[in-house]
Amino acid sequence: MFFEIKDLNVHYGAIHALKNVSLQVNEGEIVTLIGSNGAGKTSTLRTISGLVPKSSGTIEFMDKPIENTKATDIVKMGISHVPEGRRIFSDMTVLENLEMGAYLRNDKDGIKEDILDIYNKFPRLKERKSQLAGTLSGGEQQMLAISRALMSKPKFLLLDEPSMGLAPVIVQDIFKLIKQINEEGTTIFLVEQNANMALSISNRAYILETGEVVMSGNAGELLESDDVKKAYLGG
Ligand code: ATP
């Protein structure tokens, strides 16, 4: 199995944020975790990345348990996380942000090549390579955050609400980009409140409510489900 979570529980003090969450991602898929505010989406990603400790349960990546692995070692194994709110380094240039994304790599020539690849894919980042990242538009910052994550050459990319705070046309660009990254060989686990868009590019999805997976299935089927429509697709 490429990626599997079994019976994961997470507590923050008395708050039981994740309750026996189980889910799987197959190699090559885009899988989305949908849920409203506070459902536990970010907690799920942060636990996978080793940023939040689990209370119980297992997480396996390429058949190896990672639930007790340090965050930097998880990146080395091939999992990269684009956090909510983008969190690029505002006071660094676009180029410096990309270089930071490669901080665990030693192959200088490979890093240079990958930066050129990113510039080819995102001419806007190339034009702005010396600009301070904090002065980029929201959409450009999201492109940079995703590009920075790609600089660690992930096999598995975790994206936390990439559409947040962006205008609808920009959201479309970001989802196109996510689809393209997937087609180029990266498996993707996406967290979104924008269920419509996310389901339209996903193979499968899980729905999280107050820390519990309440529904899962094929993305196309969920898009047609009356319950999903009512709760997450605006009626
Ligand atoms: P949103 O879409 O609003 O970001 P989410 O689905 O990502 O929500 P989480 O951020 O995972 O949800 O939060 C799940 C629950 O855990 C919430 O009730 C939240 O208040 C709580 N929580 C999250 N982080 C902490 C923390 N560091 N300390 C205490 N409680 C937390």
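The values are calculated or read from the model by the stated rules, or taken from the named source; none is laboratory data. The model shown is predicted, which means the values in this text are computed figures rather than measured ones. Here Cβ is always computed from backbone atoms with ideal geometry, including for glycine, and neighbour counts include all displayed protein chains. These area figures cover heavy atoms from the full protein model, side chains too; ligands, DNA and RNA do not enter into them. Shrake-Rupley method; radii C 1.70, N 1.55, O 1.52, S 1.80 Å.
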Quick one: count up the residues across region 28-53 that are within 15 Å of the chain's Cα centre (by Cα) and surrounded by fewer than 15 Cβ atoms within 10 Å (Cβ to Cβ). 2
Just need a number here: residues in region 71-92 that are within 16 Å of the ligand (Cβ to nearest atom) and either open to solvent by 50 Å² or more (accessible area, probe 1.4 Å) or out of contact with any strand residue (DSSP E or B) (no Cβ under 7 Å at 6 or more places or on another chain) (or both). 5
Say we look at region 13-25 and pick out the residues that are touching a residue at least 12 places away in the same chain (Cβ under 8 Å) and either open to solvent by 50 Å² or more (accessible area, probe 1.4 Å) or among the charged types (D, E, K, R) (or both); which of these is nearest to the ligand (Cβ to nearest atom)? H16
Given (1) part of a loop (DSSP other than H, G, I, E, B); (2) within 18 Å of I188 (Cβ to Cβ), number of the condition S130 does not satisfy: (2)
Checking M164, M151 in turn, the sole residue that is surrounded by fewer than 19 Cβ atoms within 10 Å (Cβ to Cβ) and closer than 27 Å to V25 by Cα turns out to be M164
All positions within region 26-70 that are under 20 Å from N196 (Cα atoms), away from the ligand (no atom under 12 Å from the Cβ) and not in a loop (DSSP other than H, G, I, E, B): I30, V31, T32
Scan region 197-230 for residues that are open to solvent by 50 Å² or more (accessible area, probe 1.4 Å), more than 21 Å from P168 (Cβ to Cβ) and more than 22 Å from the chain's Cα centre (by Cα) and report the count. 5
Every listed condition ((1) open to solvent by 60 Å² or more (accessible area, probe 1.4 Å); (2) in contact (Cβ under 8 Å) with a residue 12 or more places away in the chain; (3) among the acidic types (D, E)) holds for E192 save (1)
